[in-house]
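Below: one structure in structure tokens.
The numbers here are math on the coordinates, done by the rules we state, and not lab data. All figures in this text were calculated on a predicted structure; none of them were measured in a lab. Backbone-built Cβ (ideal geometry, glycine too); neighbour counts: all protein chains shown.
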Amino acid sequence: MAGEQETVDGSLLAVDKLTKVFGTFAACDHIDLAIRTGEIHALLGENGAGKSTLVKMLFGVLAPTSGRILWQGQPVRIASPNAARKLGIGMVFQHFSLFEALTVAENIALSMDPGVSLAKISDEAASLSRSYGLPLDPKAHVADLSVGERQRIEIVRALLQNPQLIILDEPTSVLTPQEADRLFETLAKLKSEGRSVLYISHRLEEVQRICDRATVLRHGKVTGACDPRQETPASLARMMVGSDVAHVSAEGTGVRGDVLLEARNLSAAARTPFAVSLKHVCLKVRGGEVLAIAGVAGNGQSELFDALSGEYPVADASAIQLRQKPVGTLGINARRLIGSGFVPEERHGHAAVSALPLSDNLVLARSESDRKAFIGGGRLGIIRQDAVKRATKRICEVMDVRKSGEDPAAGSLSGGNLQKFIVGRELDRQPSVLVVNQPTWGVDAGAASRIRQALVDLAKSGSAVLVISQDLDEIFEVATEIAVINEGRLSDAYPAKELSREKIGLLMGGMHVGKQAESLDAH
Amino acid sequence: MRIELEKRPKVSVLFSIFSPFIALILTLIAGAIMFAMLGKDPGYALYSFFIEPLMEVWSLHELAIKAGPLILIAVGLSVCYRSNNWNIGAEGQFIMGAIAGSIIPVVFYEWQSPLVLPLMLVMGMLGGALFAGIPAFLKAHMNTNEILTSLMLVYVAQLFLDWLVRGPWRNPGGMNFPETRTFGAEAILPEMLASGRAHWGFAFAIIAAILVWLMMRFTLKGFEITVLGQSERAGRFAGFSSRKMIWFSMLLSGALAGLAGISEVSGAIQQLRPVISPGYGFTAIIVAFLGRLNPLGIVASGLVLALTYLGGEAAQLSLGVSDKVTRVFQGLLLFFVLSCDTLLHFKIRMVWADLNDTVKDTH
């Protein structure tokens, strides 16, 4: 069906010099892209490269500043997501828009024409999901479903509109490796039916595995269009990053010292209805080790960080031990004084205040731990701006933080540079324990490798490092030990060399203590 | 067609300095139009409203008397607002400060000592702080909205004062007027200068403004206020407690409002009456924002708003317009200040495209 409508150049959708300017910043700068009928087309690029902006224009969420969108050779103006759907474009967002209290069928019905009955939608959804290998129970409540299952709802919802082009935004970022494999099978089926897929990702391995062609974006411009199977991961990375990325060297870690960070049967109730409770978490990190905690987002990672950092202390003092001292009930600054450092996941509004300059953001984390150096005037507590500015400069130099001006607002830095500063702010103190949540989330590859190397180097110098991450590549680069968190429970830790991605995937999917040993042995 | 506010990539330094002045000029223009519509000569009206009060020594003293409480309250409010605590009830804290401070001269009027005045001031601050402590407690421990609670407590304070001066505290020798006895000599806040009525309340305001400015600019406490105001989560990461900050900012602003209250009563009125404030506590909110929540800016904006009070009184006499004109000017000023600040950070863009046409073929 789609084949008959092919135009001369064979593209289902083409964009011609598409540009989107925010203020003076061109998020998308004269982008050309052509998606053929029946292909899986990858849109590659780092965070902030302009992928999301481009896709939002294609789906009618943003209006382009200039340029044209051609659908089957005809110039079109896509004014709203509804218009996009009418054209035949379906979209699966990275962040789902589902009502947890409603059933699968009800959620699907919300995006359909109001006239259709719920029973009919239920039937259609069920048969559609079966034929695409996406098992779904239309009567199940969304709240009871895993992230992978929720994604299936979004996909089924998009497929019910019978689209010719399906856009998927970073679909595997929330999936276990096994769930991702399933998704790839579905995509192959869509392709065999003559539909096109625009697959957005920054994961080179998947793109090489499933995509026919790729368009690479960097800083809002197209830096390459290629067949990903003809490229090497290194050459793709170069198109994405613009230069070769330094390899992280984990050589020299693994010299074990004393246990510096320990959680003993750490439990914490969920603070909000949408949070996850921590259930009997046990972990040990020795000096010289990097313990990485893998897991699908939303399984208790932030709650674990909150408990370990002392932002939300727990009731049992001995549940958390820093350098063999019970600290469970202590606040974050008391724990910093014992020699630990913390890097939260969210940069803006948690690790840093965007509107304040870097020097103030240095004081943010270190007003208490470096009171002698940074605060004078006795009880008046006067901030020594000169000492703070010097330390800020030192950290920026060590971590190669690129910024405009001497002491710019944190919000004016790119994600990667701000993250380098936030990590450098802790490393500057040489903490004996460092707890980091998602150290390179949304960070460009150059900065990511710089940060990972710094974490490894800190462990080499004898400190204990705990990294919570969703990125398996990152975990294998830095970890000496790996544990997996699932629904607030932490698995045992395994030496990184003994674990494969498949085993981690099983643990991420919720194989709990007891079953673990067998299933790992079985592999 | 729709109108979009688009964030400016860079905020002009020049315009951020001039924006309050532009707002002032726009207020004057709008005021002139209003006077013209009322059938008054706009030039003469504005002159008698804004210039005449500045021409005489006695009216300059009146300006200081009116500006004192405005500045004192607004300085406290600036700390609240910077830390994201929205105390709207300074009017009530002003009244409760005045009541608490008046306990000695009204109830223990026979006690005469140089300690009377300092004690009155301290009790005034305590009264204001304790009254502000109610919304602080409710917010910190019950998670209630302090905007509502502090605002509603204003009416409690007003009615409590009304009851006191008509009931238990009524002057026995006052011919049944709803007033307390007048304060003794040692309970009166003295004049600053021999040339007029302006009392030390204005000096308190200037000192408070300078101290709070120093705190915000140089100390860790000021930093804590800024951080918690910008992001509670970042404050928690820094080890700052937003709950303690609720208490600190509410008690501080309550204490300053209470000090303003007792200074006004002791320095200017010298007894308690059913109404002791022409809305200082509410006008101070405008003062705080017009001064951009900066204590030094608040000194300037406090003087400007005090002038609208004086001008309103003058215009009532010389032009025969309602004293509500004062409120209109204050409202206009706040409107233009906020608009100018918004336009400083955003530009307006008209989007003429039709929202309803969906997919359009431009062939």
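So, in nm, how far is label A:Asn162 from label A:Lys221 when the simple model puts each one 7 Å beyond its Cα toward the Cβ?
Reported label-point gap for A:Asn162 and A:Lys221 is 4.3 nm.
Counting DSSP beta bridges in the range A:135-266, what percent are antiparallel, to the nearest 5?
If I count the DSSP bridges inside the range A:135-266, around 50 percent turn out antiparallel.
When the dipole is taken about the Cα centre of the range A:354-428, and only Lys, Arg (+1) and Asp, Glu (-1) are charged at their Cβ, what size is it in debye, to the nearest 20?
In total the dipole reaches around 160 debye.
Find which of B:Gly239, B:Leu228, B:Ile210 sits farthest along the positive direction of the dipole of the range B:200-244, computed with +1 on the beta-carbon of Lys and Arg, -1 on that of Asp and Glu, about the Cα centre.
The residue sitting most towards the positive pole is B:Gly239.
If you build a Gaussian network model of chain B, linking Cα atoms that sit under 10 Å apart, which residue out of B:Ile225, B:Ile73, B:Ile17 swings the most?
Largest GNM mean-square fluctuation: B:Ile17.
Please determine, in degrees from 0 to 90 and to the nearest 10, the orientation of helix A:445-460 with respect to the longest principal axis defined by the Cα atoms of chain A, where the helix direction is its Cα long axis.
Roughly 30 degrees between the two axes.
Scan chain A and report its longest stretch carrying no GluC sites (Glu not before Pro) that are both in a DSSP loop and have at most 12 other Cβ atoms within 10 Å.
Maximal segment without exposed cleavage sites: A:1-192.
Of all beta bridges DSSP finds with both residues in the range A:45-191, what is the antiparallel percent, to the nearest 5?
50 percent
Just name one of A:Leu54, A:Thr19, A:Ala237: the one whose Cα is farthest towards the positive end of the charge dipole of the range A:3-241 (beta-carbon charges, Lys/Arg +1, Asp/Glu -1).
A:Thr19
Using the charge dipole of the protein assembly as shown (Lys, Arg: +1 at Cβ; Asp, Glu: -1 at Cβ; taken about the Cα centre), state which of B:Gln270, A:Leu507, B:Leu333 has its Cα farthest towards the positive end.
B:Gln270
Mind checking the range B:166-204 for trypsin sites (Lys or Arg not before Pro) that DSSP puts in a loop (not H, G, I, E or B) and that have at most 14 other Cβ atoms within 10 Å?
B:Arg197
Which angle between 0 and 90 degrees, to the nearest 10, do you get for helix A:177-192 versus the longest principal axis of chain A when only C-alpha atoms count?
20 degrees
So which of A:Lys56/A:Lys221; A:Lys279/A:Lys460; A:Lys20/B:Lys7; A:Lys372/B:Lys221 end up more than 23 Å apart by C-alpha?
A:Lys279/A:Lys460
Can I ask one more? Using DSSP to call loops (not H, G, I, E or B), can you name the chymotrypsin sites (Phe, Trp or Tyr not before Pro) in the range B:56-137 whose Cβ has at most 14 other Cβ atoms within 10 angstrom?
B:Phe108, B:Trp111
Output ³J(HN,Hα) for the range B:122-135: one whole-Hz value per residue in order, computed from phi by the Karplus curve 6.51 cos²θ - 1.76 cosθ + 1.60 with θ = phi - 60°, and x for Gly and Pro.
Each residue's phi maps through the Karplus curve to give 5, 5, x, 5, 4, x, x, 5, 5, 5, 6, x, 5, x Hz.
Which part of the range B:304-332 falls in the paramagnetic zone of B:Met55, meaning amide N under 19 Å from the point 7 Å along Cα-to-beta-carbon?
B:307-321
Below 8 Å between Cα atoms, with a sequence gap of 6+, how large is the relative contact order for the range A:3-241 in percent?
Over the range A:3-241, the number comes to 27 percent.
Still on this structure, please answer the following. What's the average, rounded to a whole number, of partner chain beta-carbon atoms within 10 Å of each residue's beta-carbon in B:217-223?
For this peptide, the per-residue mean of nearby foreign Cβ atoms is 6.
Can you list residues from other chains, or at least 5 along the same chain, whose modelled amide H is less than 5 Å from the amide H of A:Ser354?
Those lying under 5 Å, H to H, from A:Ser354 are A:Gly349.
Tell me the relative contact order for chain B as a rounded percent, counting alpha carbon contacts under 8 Å between residues six or more apart.
35 percent
Exposed loop GluC sites (Glu not before Pro) only (DSSP loop, at most 12 other Cβ atoms within 10 Å): please give the longest stretch of chain B free of them, not including the sites.
For GluC sites (Glu not before Pro) (loop position, at most 12 other Cβ atoms within 10 Å), the longest site-free span of chain B is B:111-363.
Moving on. Which of the three applies to the protein assembly as shown, rounded, prolate or oblate, going by the alpha-carbon gyration tensor with a ≥ b ≥ c and a/c under 1.5 meaning rounded?
Taking the square roots of the gyration eigenvalues as a ≥ b ≥ c, the protein assembly as shown is prolate.
So who's got an amide H within less than 5 Å of the one on A:Ile468, skipping anything under 5 residues away but keeping other chains? H placed 1.01 Å off N, in plane.
A:Ile293, A:Val436, A:Asn437, A:Gln438
Quick one: what are the phi-derived ³J(HN,Hα) couplings along the range A:322-335, Karplus 6.51/-1.76/1.60 with θ = phi - 60°, whole Hz, x for glycine and proline?
Result, rounded to whole Hz: 10, 6, 6, 9, x, 10, x, 8, 7, x, 5, 6, 4, 6.
Of the beta bridges DSSP finds with both residues in chain A, what % are antiparallel, to the nearest 5?
For chain A, the DSSP antiparallel bridge percentage is about 55.
Another question, then. Work out the length of the dipole vector of chain B about its Cα centre, built from +1 on the beta-carbon of each Lys and Arg and -1 on the beta-carbon of each Asp and Glu, and round it to the nearest 20 debye.
Roughly 920 debye, rounded to the nearest 20.
Show me, for the range B:140-154, the HN-Hα J-couplings you get by feeding each phi into the Karplus relation (A = 6.51, B = -1.76, C = 1.60, θ = phi - 60°), rounded to Hz, glycine and proline as x.
Ordered by residue, 3J(HN,Hα) equals 5, 10, 10, 6, 8, 7, 6, 4, 5, 5, 5, 5, 5, 5, 4 Hz.
Can you give the longest run of chain A that contains no chymotrypsin sites (Phe, Trp or Tyr not before Pro) sitting in a DSSP loop with at most 13 other Cβ atoms inside 10 Å?
The segment A:275-523 is the longest one with no such site.
If the only charges are +1 at each Lys and Arg Cβ and -1 at each Asp and Glu Cβ, what is the size of the charge dipole of chain A around the Cα centre, to the nearest 20 debye?
The dipole of chain A has a size of about 1340 debye.
What is the angle, in °, between the Cα long axis of helix B:242-263 and the longest principal axis of the Cα atoms in chain B? Nearest 10 is fine, range 0 to 90.
The angle comes out near 50 degrees.
Across peptide A:304-316, how many C-beta atoms of other chains are within 10 Å of each residue C-beta, on average?
1
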